[in-house]
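Visitor: Let me begin by handing over the structure; questions about it come next.
The values are calculated or read from the model by the stated rules, or taken from the named source; none is laboratory data. Note that the coordinates shown come from a computational prediction; the quantities given were computed from them, not determined experimentally. Neighbour counts run over all protein chains shown; Cβ positions are idealised from the backbone, glycine included. Ligands, DNA and RNA are excluded from the accessible area calculation, which covers all protein heavy atoms including side chains. Shrake-Rupley method; radii C 1.70, N 1.55, O 1.52, S 1.80 Å.
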Amino acid sequence: MTTNQYHPETLAVRAGSEATPFGENSEALFLNSSFRFSSAAQAAARFGGTELGNIYSRFTNPTVTMFQNKLAALEGAEQCVATSTGMSAILACVMGLCSAGEHIVASRSIFGTSVQLFSNILKRWGLEVTFVSLTDVDAWRAAITPKTKLFFVETPSNPLTEVCDIQALANIAHKAGAHLVVDNCFCTPAIQHPLELGADIIIHSATKYIDGQGRCLGGAVLGSKALMEPVYGFLRTAGVTMSAFNAWVFLKGLETLHVRMEAHASHALALATWLEAQPNVARVYYPGLVSHPQHQLALLQQASGGGIVSFEVKPKAGQTEQEAAWALIDATKLISITANLGDAKSTITHPATTTHSRVSAEARAEAGIKDNLVRIAVGLEHVDDLKADLALLK
Ligand SMILES: *Cc1c(COP(=O)(O)O)cnc(C)c1O
């Protein structure tokens, strides 16, 4: 199906689907590692690339291909490369597009494990990374070297929901001959289209909202055919391939993406508005709030504020900031204490001692992640039940 003919909601349900001769209406799960050829000549043609078709599920698998085509249609990308996790999507992107001695400029407000990958692991292989403030456009410009290949951002960022101007950063990157990579995990294509805003590459952790119910790990890299060719080349050789079973779960997840994201965002806005009015809350971070520093920009780039709300708890007399945050978290009975997000179940996290605990205290302070900061990934429960679970804030 051509992607510009239908609305996004329709693409989420219909794009990418291909039935076998049995005519199943729900996508089939191909749980096979290899594919059989009709002759030695056909095997040679498949391996030689003169005949298109499946060879081995580390390279391609029909269920994974359907997932890739559906997500590509939703993001408006020429090609999608599905990966085993969100982290392996970032790894495949960098390994496909960068070499030793080259340079990446990354936002300092990215997923904690992405910081580890860049600064501890890829550095050992000769890649240089400079971290800058997401919203300081001049800092991005100043960080460029003749070796800069990629700009890497998350917008909104985790956990402070900072929003950057994608088009402005894309322009700076392109002038330097570099590509802008946007980790679109927090928004999904239901809320934000980075490629339309000038970005070159999109990263997803499918583990989050694309699954939507906390079942499977997976990821994806999306962009032009030319940029995805070396990314796919790394994947099929290194083997960070998405499992067919997980692709099948994500195919089902994507069908309901738009209705889920609308519900996550409306619940999050209601909760953020309530949090802002509570006496024991010092500050709320949510792009959908008028008080958010980049609220106007978020309105331009995003269909909604998304489902992630962070806030600072006011410590009571004699309490440290961390004690105040932990007391609130430990008092919850309904909300799950877990670092995951994008689930139907609301989750609550203390970033400073979990997702960002391996980031040095100075780097956390510089990024503005305080010890009293709590992040909630707002799920699909009734908002009044979430408010009741956070009664300590009243
Ligand atoms: C979770 C997450 C990742 C990593 O994804 P995994 O599937 O856990 O490997 C990357 N970026 C962001 C923004 C995330 O939230």
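Visitor: Looking at the range 192-298, what strands (runs of 3 or more DSSP E) fall wholly within it and have at least 2 residues that are among the hydrophobic types (A, V, I, L, M, F, W, C) and within 16 Å of the ligand (Cβ to nearest atom)? I'd like the intermediate steps shown before the answer.
Guide: Details: elements: 201-205, 219-223, 281-285.
Strands (runs of 3 or more DSSP E) meeting the threshold: 201-205, 219-223.
Visitor: One residue is enough: does the range 101-114 have a residue meeting the conditions more than 16 Å from the ligand (Cβ to nearest atom), assigned to a strand (DSSP E or B), on the phi < 0 side of the Ramachandran plot and not assigned by TED's automatic domain parsing to the domain that holds ARG358?
Guide: Taking the range 101-114 first, the residues more than 16 Å from the ligand (Cβ to nearest atom) are 101-103, 105.
Next cut, assigned to a strand (DSSP E or B) only: 103, 105.
Among the residues that remain, those that are also on the phi < 0 side of the Ramachandran plot are: 103, 105.
From what is left, the residues that are not assigned by TED's automatic domain parsing to the domain that holds ARG358 are 103, 105.
Within the range 101-114, one or more residues are more than 16 Å from the ligand (Cβ to nearest atom), assigned to a strand (DSSP E or B), on the phi < 0 side of the Ramachandran plot and not assigned by TED's automatic domain parsing to the domain that holds ARG358.
Visitor: Provide a single number: the residues in the range 335-353 that are in contact with a Lys or Arg (Cβ under 9 Å, 6 or more places away or on another chain) and open to solvent by 60 Å² or more (accessible area, probe 1.4 Å).
Guide: Result for the range 335-353: 0.
Visitor: For the range 12-35, enumerate the residues that are at positive phi and surrounded by 14 or more Cβ atoms within 10 Å (Cβ to Cβ).
Guide: GLY16
Visitor: Those residues that are open to solvent by less than 30 Å² (accessible area, probe 1.4 Å), over 21 Å from LYS175 (Cα atoms) and of a type in the set (A, V, I, L, M, F, W, C), I need them from the range 189-222; list them, please.
Guide: Result: ALA190, ILE191, ILE203, ALA206, ILE210, CYS216, ALA220, VAL221, LEU222.
Visitor: Can you tell me which residue within the range 173-188, out of those that are open to solvent by 10 Å² or more (accessible area, probe 1.4 Å) and assigned to a strand (DSSP E or B), is nearest to ASN340 (Cα to Cα)?
Guide: Residue satisfying both the conditions and the ranking: ASP183.
Visitor: While we're here: On the basis of being of a type in the set (Gly, Ala, Ser), within 15 Å of the ligand (Cβ to nearest atom) and either open to solvent by less than 20 Å² (accessible area, probe 1.4 Å) or touching a Gly at 6+ places or on another chain (Cβ under 6 Å) (or both), does ALA89 make the cut?
Guide: yes
Visitor: Here is a follow-up. Looking only at the range 346-394, filter to residues that are hydroxyl-bearing (Ser, Thr, Tyr) and more than 17 Å from LEU275 (Cα to Cα); which one of those is modelled with the lowest pLDDT? Walk me through how you get there before you give the answer.
Guide: Looking only at the range 346-394, we keep the residues that are hydroxyl-bearing (Ser, Thr, Tyr), and these are 346-347, 349, 353-355, 357, 360.
Cutting the leftovers down to more than 17 Å from LEU275 (Cα to Cα) gives us 353-355, 357, 360.
Details: THR353: 94, THR354: 93, THR355: 88, SER357: 88, SER360: 84.
Within the range 346-394, the match that is modelled with the lowest pLDDT is SER360.
Visitor: Here's a follow-up. Quick check: anything in the range 32-49 away from the ligand (no atom under 16 Å from the Cβ), modelled with pLDDT of 95 or more, under 21 Å from the mean Cα position of the chain (by Cα) and not in a loop (DSSP other than H, G, I, E, B)?
Guide: No, that holds for no residue.
Visitor: Here is a check on your reading of the model: is GLY306 under 20 Å from PRO189 (Cβ atoms) and touching a Lys or Arg at 6+ places or on another chain (Cβ under 8 Å)?
Guide: No: the conditions fail for GLY306.
Visitor: Among the candidates PHE118, PHE131, PHE151, single out the residue that is within 15 Å of the ligand (Cβ to nearest atom), hydrophobic (A, V, I, L, M, F, W, C), touching a residue at least 12 places away in the same chain (Cβ under 8 Å) and buried (at least 18 other Cβ atoms within 10 Å of the Cβ).
Guide: Values: PHE131 fails: within 15 Å of the ligand (Cβ to nearest atom); PHE151 fails: within 15 Å of the ligand (Cβ to nearest atom).
Within the list PHE118, PHE131, PHE151, the selection yields PHE118.
Visitor: Something else now. Take the range 226-257 and flag every residue that is polar (S, T, N, Q) and out of contact with any Phe, Trp or Tyr (no Cβ under 9 Å at 6 or more places or on another chain).
Guide: Matches in the range 226-257: THR237, SER243, THR256.
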